Amino acid sequence: MCWSVLAWRSLAVFTGALLTAEGFYYLLRYVRKCREQKPKVLFFPAPLTCVRPLLWSPRRCDCRLPHGESALSSLARLLLGAGRSLDVCVFSISSFDLASVVLAVYSRGVRVRVVTDSDYMALAGSQVGKFRKAGIEVRHDQDTSYMHHKFALIDGSILVTGSLNWSAQGIFRNKENVIIIKDIDVVKAFIEEFEQLWNEYDPTKYSFSPQK
Ligand SMILES: [Zn+2]
């Protein structure tokens, strides 16, 4: 076999191998993307665990509660992953743990917006006052029906939704579910709903002034 034929054949084999490797690389990327896009589900009640090590550094806590993985720690870690924005639209927010997570996210300079229900934010134990005190923008309905949503949007690309109110009752006692969705169309629909409520509940449109 002459050298030129051998060289051409070698080049063809080499190019084929490269193409196969590239194809394999893109296939792996596609599979990984599909896996990431797949919805995840968390079920509650969660066992009583401490999530404080997730909130500060060094990541340790000496309290007596267990510090292992739970649905609560998974939810907390997810919310703490917010890098640009965290939009919370939840009926009842009285969980000290999840409120601490929101405050920790806000303290990192992430834009946090909260939409909630006017009746429930006035109840004892509500954490909404803490948000306002910290400087977080909070808006609420102003009618007799409930703002009953329970969802949050992380960086405008991850939706956390389900039956869970952000309350100790919901987290540690009730049967609840939370679904984590990255599907662009579903996320987009929830972004639109959030923006619509955010605009509807603009304080300049309130028809009453809260008593001071
Ligand atoms: Zn602890």
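Before moving on, here are some points about what is shown:
- HIS140 long-range amide H proximity, modeled H, under 5 Å: THR116
- Taking the 1.4 Å solvent-accessible surface of the chain as the whole, the part contributed by carbon and sulfur is 59%.
- Here is how the number arises for the chain: DSSP H runs of 4 or more residues each give -39500 (n - 2.57), the sum is divided by the residue count, and the result at 222 nm is -13500 deg cm²/dmol.
- GNM on the chain, alpha-carbon springs under 10 angstrom: the most fluctuating residue among TRP198, TRP56, TRP166 is TRP56.
- Using only side-chain charges placed at the Cβ, +1 for Lys and Arg and -1 for Asp and Glu, the dipole size of the chain relative to its Cα centre rounds to 880 debye.
- The mean accessible area for residues of region 43-152, using a 1.4 Å probe and ignoring ligands and nucleic acids, is 49 Å² per residue.
- Placing unit charges on the Cβ atoms of the charged side chains and taking the dipole of the chain about its Cα centre, the candidate lying farthest along the positive direction among ILE93, LEU54, ALA168 is LEU54.
The values are calculated or read from the model by the stated rules, or taken from the named source; none is laboratory data. Note that this is a predicted model, so its numbers are computed, not measured. In this analysis, Cβ positions are derived from the backbone assuming ideal geometry, glycine residues included, and neighbour counts consider all displayed protein chains. For accessibility, only protein heavy atoms count, side chains too; no ligands or nucleic acids. Shrake-Rupley method; radii C 1.70, N 1.55, O 1.52, S 1.80 Å.
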